[in-house]
């Protein structure tokens, strides 16, 4: 919605000098879609409209100010962002691998894993343990390393875990996972022994709903594409 449409919306709600409950609900929903600049524009225009209204009809002071109060309060409620919890982990060392293992251990419903390869017995065991607890596991991976002697992809597939593989000439080089629709794990860390023991790697874990939604959409797209 552009600024002209936002202004028209405010004018419409001011026409009867009140902001009904349904209008407040609509404004709250609208406010959640606005960026910072748009939200600021609506606040400023609300004050401008009130000044114009009181200049032409000063006898409407009380209902006009009440309308303004409700508009500003509703926009303030809409702009409140939920607290985002995030943490970073680094290797060499056990921090990255242990975080992945613990996320798998804590999963209760599903884990969507999208990684270039899996070649770490600790992580493979954690995936299998989750699968045996009836956690729905889906793995997207690349064919380039799947037949290496250290790869655990075929082993996991033989255990009944759903695998989708990129068999194109290019590479599915993502390294992320989603747990219970609640946490995103992402970073440079390959799910291999060398990533823990030798490489400079990182993992970020977050519950940011915007990122969760974007990564889940990408996972679902690739899952369909590679199946």
Report, ordered by the first and then the second residue, all pairs with beta carbons closer than 7 Å, sequence separation of six or more or different chains, a first member in region 135-163 that is assigned by the TED database to the domain that holds residue 107 and at pLDDT below 95, and a second member that is buried (at least 20 other Cβ atoms within 10 Å of the Cβ) and in a helix (DSSP H, G or I).
146/153
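Hey, could you check region 14-28 for residues that are touching a residue at least 12 places away in the same chain (Cβ under 8 Å) and surrounded by fewer than 17 Cβ atoms within 10 Å (Cβ to Cβ) and say which is farthest from residue 209 (Cα to Cα)?
Initial filter on region 14-28 (touching a residue at least 12 places away in the same chain (Cβ under 8 Å)): 14, 17-19, 24, 27-28.
Narrowing the set further to residues that are surrounded by fewer than 17 Cβ atoms within 10 Å (Cβ to Cβ) leaves 17-18, 24, 28.
Numbers: 17: 37, 18: 34, 24: 24, 28: 19 Å.
Among those that are touching a residue at least 12 places away in the same chain (Cβ under 8 Å) and surrounded by fewer than 17 Cβ atoms within 10 Å (Cβ to Cβ), it is 17.
Go through the residues of region 103-118 one by one and say whether even a single one is free of Cβ contacts under 8 Å to residues at least 60 places away in the same chain, in contact with a helix residue (DSSP H, G or I) (Cβ under 7 Å, 6 or more places away or on another chain), surrounded by fewer than 19 Cβ atoms within 10 Å (Cβ to Cβ) and in the same structural domain as residue 219 (by the TED database). Walk me through it before giving the result.
Narrowing region 103-118 to residues free of Cβ contacts under 8 Å to residues at least 60 places away in the same chain: 105.
So of that shortlist, the ones also in contact with a helix residue (DSSP H, G or I) (Cβ under 7 Å, 6 or more places away or on another chain) come out as 105.
Pick out the ones that are also surrounded by fewer than 19 Cβ atoms within 10 Å (Cβ to Cβ) and you get 105.
In the following step, the residues that additionally are in the same structural domain as residue 219 (by the TED database) were identified as 105.
Yes.
Being over 21 Å from residue 4 (Cβ atoms) and surrounded by 12 or more Cβ atoms within 10 Å (Cβ to Cβ) is the filter here; which residues of region 39-56 pass it? Walk me through it before giving the result.
Taking region 39-56 first, the residues over 21 Å from residue 4 (Cβ atoms) are 54-56.
Within region 39-56, 54 is the sole residue that qualifies.
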Under 30 Å from residue 9 (Cα atoms) and exposed (fewer than 15 other Cβ atoms within 10 Å of the Cβ): does that describe residue 72?
yes
Members of region 1-40 found to be within 27 Å of the chain's Cα centre (by Cα) and assigned to a loop (DSSP other than H, G, I, E, B), listed by number
1, 2, 32, 33, 34, 35
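The values are calculated or read from the model by the stated rules, or taken from the named source; none is laboratory data. All values derive from a computational prediction rather than experimental measurement. Cβ atoms come from the backbone with ideal geometry, glycine included; neighbour counts cover every protein chain shown.
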